[in-house]
Each structure stands twice: as C-alpha cells, then as structure tokens.
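The values are calculated or read from the model by the stated rules, or taken from the named source; none is laboratory data. The model shown is predicted, which means the values in this text are computed figures rather than measured ones. Here the Cβ positions follow ideal geometry from the backbone for every residue, glycine too, while neighbour counts run over all protein chains shown.
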C-alpha cells in the first residue's frame, strides 16, 4: 500500500526539490493541497492528519504551528521538519543517521524528526566524530568557515541573484552573520556536545548550489595529537559502510589540482570529507549540496529509514 505524503511548504526551495525526488517513486502518494489554501490552518490540519508522513518546508513559526495542528489522537503521522524550529528540542530525532546507531534508530522509530541545517550538517559530520573519538576535546576553541550557493538563502534571494538587474555586490562572495548569531550555531554546539558555540564565518556566493565547510585544527591543541593521515583514517573507520558520507583518501585533493570547487556536488544527495594539512595544522573539509545532504536529500533519506526501504531510494548519488 502506498504511503500518503504531504509537503507543507511545497512551493519553497526545499519543498520543490523533495517533489522532484519523488517523481519516479511508486511507493508513495503525494497529497496536493490547493495552492490558494496552502496557508489555511484548517486545510493544512486536514492534510497533515491524513498523511502518513508530512514534510515541513516552512519558516520556524509556521513549522511550530503545523505541529500544533496534529490531532491529539493521531498516532500515525510522522513529521519530518526541515526548519530550525525543533533541531534541539526534546523528543525530536536529529536527522543525521551516519552519526551512530542511536541516531538511525531514533529516526526509524520516532514520529518527530528534525532535518539538520545545511551548514550544521557539514560541520557536525566532521566535528561530532572527532569529539566522540576523543581526538579533540569538547572545550576545543572551534572556528569554522563555510561557502554556500545562493539557493540556501530562499526564494527572495534566488530572485535577486538571478535578476538581470542584480546589483554589483551580488557578483562577489558575501560574508554574513557578522554578529555570530547564525541560527545553525545552536545545533552545532548541542549535537557535538561542545562547551561553547563555534566561531562561524559563512559566505554566500554567486552560484546556485553546493557547499564547502572548513574546520582548521591546531595539532598541539588536540586531545590526541594525530597526523592528517591518522585523522583521515579515524574518520574513514567511523563512517565505514555509510553510503552518504565518503571520507576521501589522503592526498586525493591533488587530483583536483589542489582546489576544492564548492559546487562540485551540486545536484547530489551525498557528501565528501577531506583531511589535509601537516603535522602542525590540519584542515578538515566537507563538500556537499546545501539543497541535497544539507536539506531535501537528508529529509528523504530520513523518510526512507522510517519506511524501512533502501536509504538511497529516489536520491542522487
């Protein structure tokens, strides 16, 4: 029997990408709300409660409202929330199953799943295992930088970047979140168990999608002093058998002439991790699509886990 799926916020960037990934699937039935009623709470209530799985591709306040629309006697609808609203909330599974068996089990058995933020996904897939394995301490002074395509900024920003009359500053990389108050910092700190929030430098640039997140490490500040090769091997072992996170061989950046293109994984739903540097200063980088493993791809992977089917079904690897 087909599972009934409702996408609340289907006209946003993440919702549209989820719809695209469902085009060739024969195991689900999409519930389509009339466009003129997509913001009507009672109409949304009807679709949410009729569904087996509802994706929330909404601003935080609208996602919180959507959860409140679930009927008290509804014990069947699984909510997969792509907003920031519930990522550190009690009772919500964090949708990055590669972090460990408990994460995957919580997704499989839970009714409330929070999809990680795009920047947070790249950060956590690097930092979480390094803390868990005792390679860096939870008190390490973490600083991270990231480069993203403009699609992550939403429909209004996309329209600005794709306008024939766009301003000159949109042709250049633009740093933002200058107050160190970016909305992903909360989950970055909480999920990794860090004692303080990272120093975070996000940059948006004039290309559609793709993301590169970089975490530099001073070897003499590591809890276990390790070479780049040893850190690479530790991460490769941690993610052994995982399909969506590939830890690249040491030195493989040389095949790229020593350059990482942040848009190289645009259109894909998996991620790469590279470890470079030397015995004094190491650099760990993750590369993926902010709309893929950083949003819609992760949401569908979580749905596949809930349904008990191949995690890669309908996804681009």
Can you find a residue that is at pLDDT 95 or above, crowded, with 21+ Cβ neighbours inside 10 Å and in a helix (DSSP H, G or I) anywhere in the range 69-82? no
Inside the range 23-42, the number of residues satisfying the requirement of being touching a helix residue (DSSP H, G or I) at 6+ places or on another chain (Cβ under 8 Å) and either closer than 20 Å to residue 304 by Cα or outside the structural domain of residue 69 (by TED's automatic domain parsing) (or both) is 3
Matching residues in the range 247-259 (touching a strand residue (DSSP E or B) at 6+ places or on another chain (Cβ under 8 Å) and free of Cβ contacts under 8 Å to residues at least 24 places away in the same chain) number 2
Residue 58 is checked against (1) at pLDDT 95 or above; (2) assigned to a loop (DSSP other than H, G, I, E, B); (3) under 15 Å from residue 299 (Cβ atoms) and fails just one. What number does that condition carry? (1)
Can you tell me which of (1) more than 22 Å from residue 202 (Cβ to Cβ); (2) out of contact with any helix residue (DSSP H, G or I) (no Cβ under 9 Å at 6 or more places or on another chain); (3) modelled with pLDDT of 95 or more is the one residue 263 doesn't meet? (1)
Residues of the range 21-46 that turn out to be in a helix (DSSP H, G or I) and touching a strand residue (DSSP E or B) at 6+ places or on another chain (Cβ under 8 Å), as a count: 1
Of all residues making up the range 88-109, the number that are assigned to a loop (DSSP other than H, G, I, E, B) and surrounded by 24 or more Cβ atoms within 10 Å (Cβ to Cβ): 2
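Let's see how each residue does on (1) without any contact (Cβ under 8 Å) to a residue 60 or more places away in the chain; (2) in the same structural domain as residue 213 (by TED's automatic domain parsing); (3) in contact with a strand residue (DSSP E or B) (Cβ under 7 Å, 6 or more places away or on another chain); (4) on the phi < 0 side of the Ramachandran plot:
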site: 261; (1), (2), (3), (4): yes, yes, no, yes
site: 271; (1), (2), (3), (4): no, yes, yes, yes
site: 275; (1), (2), (3), (4): yes, yes, yes, yes
site: 278; (1), (2), (3), (4): yes, yes, no, yes
site: 285; (1), (2), (3), (4): no, yes, yes, yes
site: 312; (1), (2), (3), (4): no, no, no, yes
Could you figure out which of (1) part of a loop (DSSP other than H, G, I, E, B); (2) surrounded by 14 or more Cβ atoms within 10 Å (Cβ to Cβ); (3) at pLDDT below 95 isn't true of residue 18? (1)
Residues that are outside the structural domain of residue 9 (by TED's automatic domain parsing) and over 15 Å from the mean Cα position of the chain (by Cα): find the strands (runs of 3 or more DSSP E) completely inside the range 110-220 holding 1 or more of those. 143-149, 199-205, 211-218
